Structures are given as C-alpha cells and as structure tokens.
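Derivation of every value follows stated rules applied to the coordinates shown; laboratory data play no part. Keep in mind it's a predicted model, so treat the numbers as computed, not measured. Cβ atoms come from the backbone with ideal geometry, glycine included; neighbour counts cover every protein chain shown.
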Amino acid sequence: MKKMLLLGGSHAEIPIIQAAKSMGYYVITTGNQIDGMGHALADEYINCDFSDKEAILSLAKKIQVEAICSGCNDFAYLSAAYACEKLGLPGHDSYETAKKIHHKDKYRDLACRLNIATPKAQKCRTIEEMLTACKRLEFPVIVKPVDLTGGKGMTRCEKLEQVEEAFAKAMFATREDYVVVEEFIMGTNHGFSAYLQEGKVTFCFVDNEQYYHNPYLVSGASTPGDVSEEAIKQLREDCETLAKALQLKDGILHIQFILKKDNTPVIIEVCRRTPGDLYVHLVEIATGFGYSEYIVAAEAGIKMPLPVFRNANGFYVRHCVMADETGEIEKVFIDTEIKPYIVEKLFWYKKGDKIEDILKYKAGIVFLYFETANDYRKYLNRLTTLIKIQIKKEI
C-alpha cells in the first residue's frame, strides 16, 4: 500500500484524510496538535512540526512516502512543496513558486506585475519604513504579517498614530523579519475556490463570507455567493493568468476577495492548500463535486478527468460556532426553530472546556440547507443566537 504523509490532523483535515484513504493510501498524519480529531481517522500519526520544512523532509525520507499532501495551513503547503521538490515527488509547485503565492508581499508584487487587482502595499522592516509608506497610502490602512492567516497579528489603523503599535504587533507574530502595510479595501467579503487543470479553471465555487467578533477571521460561508457573472469571469481569468505566469501544477487555487461597489473583485489572499473548517465539505454538499479527492489526487501527482458537478440548488451555509464570552463551556444550545435546516454538524468541544479568547475559539461547525431565499435571509444573521455556546454560570 502506498504511503501518504499528510501535514495536519485537526478537524479541518478530516475530508482530506478520508479521501486519501478511500483512494487506497496508507495515511500518516503529522503536526504538533496531538489531540487533533483527524489523527484518529488516519492509519498512523507521527508527531512532527509541519511548519519546519527540514523536519518534514527528514520525516518523509525516513518513512519513505510516495506522496505528500498539505493540510489546511500555509506553512503545511510550503513544507510540502519544499520536501517534494527535494525528493522529486510530483504534485506541488516549486518552493519558490509556493512562496510567491503564500507570502503576502510576494503575491502583491506579482499581482501588480500581472495587472491583477490587489491592494496597494509596501513591505517594511522598520517602523521608519512603515511610517513613510503610510504617508503614501490613504487611511485606513491594514498592517499584516506576510506569512499568517486568520487575522493573526493584523491591525486596521485609522490614523498615523496607531501605526507604531500595529507594526510591533505584526513583527511579533511573523516568522519573517518584515511585514506589510496596505490600503484597506471597502466592499463585501467572498471566497472563490478554483480547480486548475493544465492551467485552466475547470471548476469554481463562490461564497459569501460571514464574520463574528473577529473582523479578520471567517466564521461562516454561504452559497450561492452574491457575485455577478462578470466578476466571476474576471476571477477565472485572474486564476489562469497566475497559472500561466507561474506554470502552476494542477490542483486547488483558493482565493479570498473583496467585491467593491463598482463590481471589481480585489484579491486579498491566495493559497494552494485546502481551506480550513471543512470548507471543502461545504463545496461537496452544495455541488456534488468530490473536491477532497481531486485535491488529494493533485498533490499526489495523479491526473483526474474533468470535474462533474451541479450548480447549488437552494442555499447552503457553513456556520462555525463561536463564543460571546469567556468562561467554562456548559453546552452548545441549538434552538428548535433552526433544527429542521441542519443537515450535518461536527462538534469538538467538551463540557468544562475553558474559553479564553472569543476571537479565536470555535466549538464546532454546523451545515445548513435552505430551500428558499426567504428562509436563507431570515435565518442567516440569526444563527449566532439560534446556535450558541452557553457558559457555565457561577452560583
């Protein structure tokens, strides 16, 4: 049986692990999160830091794997690309190409050269460089680490006096010796997930993103997205422009973008790894397309036939259950009013777990289906009250 090293093993990697096993691989998961839900579904777990590319290379050599698949993390994809390049394994872009996609400063430079709409940005190593850059940009601006996602180390600044603290926060979070400052783009937030084959988009999926207390961490996604065909066409062209310029391998190209009032999609994040929080499962239940299997196949270097899928019939929502307050979890409450619309759910919290940061903590994920636009609009913005974490109250 062929061995696949899968870089990750949390709840987010479950669809990928299941797909790899269904394709006949002996799946070995890794990562520092030893209690990840995905590890129990794998054939074997080996504790190794997937953000350490040299450690992953050494592990892959030691256990003699035939394929490496990244999990739902940018560092995982970078390590997978690095190890595969060194070992001559198929299915990944070169390490340098992977950095051009996953590091924000490198992607911004590339997008500008290719005339792809992206925020104006400046790489900065010192606070002096950043203050100078901010004077060339219009406020508000946003300061970011170049190598992190989910809002880690990010700050929106309304005025110059806020920049120094934002710079220090981003520098503390990043593993690099520089960060970026960029213009803050106004509009609605969306995802665009594409599958590339021979440099062409053969499948794409569009969503609306939802946010809760953390304005930089996606807490939900719904489809169909409120995005025009014209904007989708532009995004497809942007993907194929990137694919041609970088000679991208087959596989996923996932994008987060902001749709401006003038209908221009401005790409703010790009990655080639599986999105987190069971996003691929939302795609699968909405379209019938086996996205997980296609992603695994691509990272293993297996050519796949053209995708077969359907357009979403009705409205689908992936809702991450987050908290309103810190404290000890009593339970997750689900109102009887919303129960008929729930099609699947996965919880990983335990009674008694302590929530210390409401901006990051998630207790589980719920998938919902609404037949009509009226029901979808009626309930979407009420989900945080209809499905909520209840905190144990002191007596």
Fewest-first ordering of Ser51, Ser70, Ser222, Ser228 by Cβ atoms within 10 Å yields Ser228, Ser51, Ser222, Ser70
Cα convex hull of segment 137-232, projected area averaged across orientations, nm²: 8.3 nm²
Most exposed first by the Cβ proxy, i.e. fewest other Cβ within 10 Å, how do Arg113, Arg125 rank? Arg113, Arg125
Filter the trypsin sites (Lys or Arg not before Pro) in segment 307-395 down to the DSSP loop ones having no more than 13 other Cβ atoms within 10 Å, then list what survives. Arg310, Lys350, Lys351, Arg382, Lys392, Lys393
For the chain, size of Cβ-based charge dipole, Lys and Arg +1, Asp and Glu -1, in debye: 340 debye
Ranked list, fewest to most other Cβ atoms within 10 Å of each Cβ, for Met322, Met304, Met186: Met186, Met304, Met322
Across 5 Å bins from 0, what is the distribution of all Cα-Cα pair distances for segment 188-391, in whole percents? 1, 7, 15, 18, 18, 15, 12, 8, 4, 2, 0
In Å, the Kirkwood hydrodynamic radius of segment 220-274 over pairs of distinct alpha carbons? 12.3 Å
Counting residues in segment 120-183 as N, plug N into 2.2 N^0.38 Å and put the Cα Rg over that result. 0.94
Just the number, please: percent antiparallel of the DSSP beta bridges in segment 1-97, rounded to the nearest 5. 10 percent
Can you pull the Rg over Rh of segment 3-101, Cα-only, Kirkwood? 0.93
Loop-located GluC sites (Glu not before Pro) in segment 82-152, at most 11 other Cβ atoms within 10 Å (DSSP): Glu138
Dividing the mean separation of Cα pairs under 8 Å (6+ apart) by the residue count of the chain yields a relative contact order in percent of 14 percent
Find, among the trypsin sites (Lys or Arg not before Pro) in segment 257-309, those assigned to loop by DSSP (not H, G, I, E, B) with at most 11 other beta-carbon atoms within 10 angstrom. Lys261, Lys303
What 222 nm value per residue comes from the helices of the chain, counting each DSSP H run with n ≥ 4 as -39,500 (n - 2.57) and dividing by all residues, nearest 500 deg cm²/dmol? -9000 deg cm²/dmol
Beyond a 21 Å Cα-Cα separation, which of these cross-linked pairs lie in this structure: Lys21/Lys244; Lys53/Lys99; Lys249/Lys303; Lys21/Lys100; Lys144/Lys200; Lys100/Lys169? Lys21/Lys244; Lys21/Lys100; Lys144/Lys200; Lys100/Lys169
At 0.692 mPa s and 37 °C, Stokes diffusion of the chain via Kirkwood alpha-carbon radius, µm² per second: 150 µm²/s
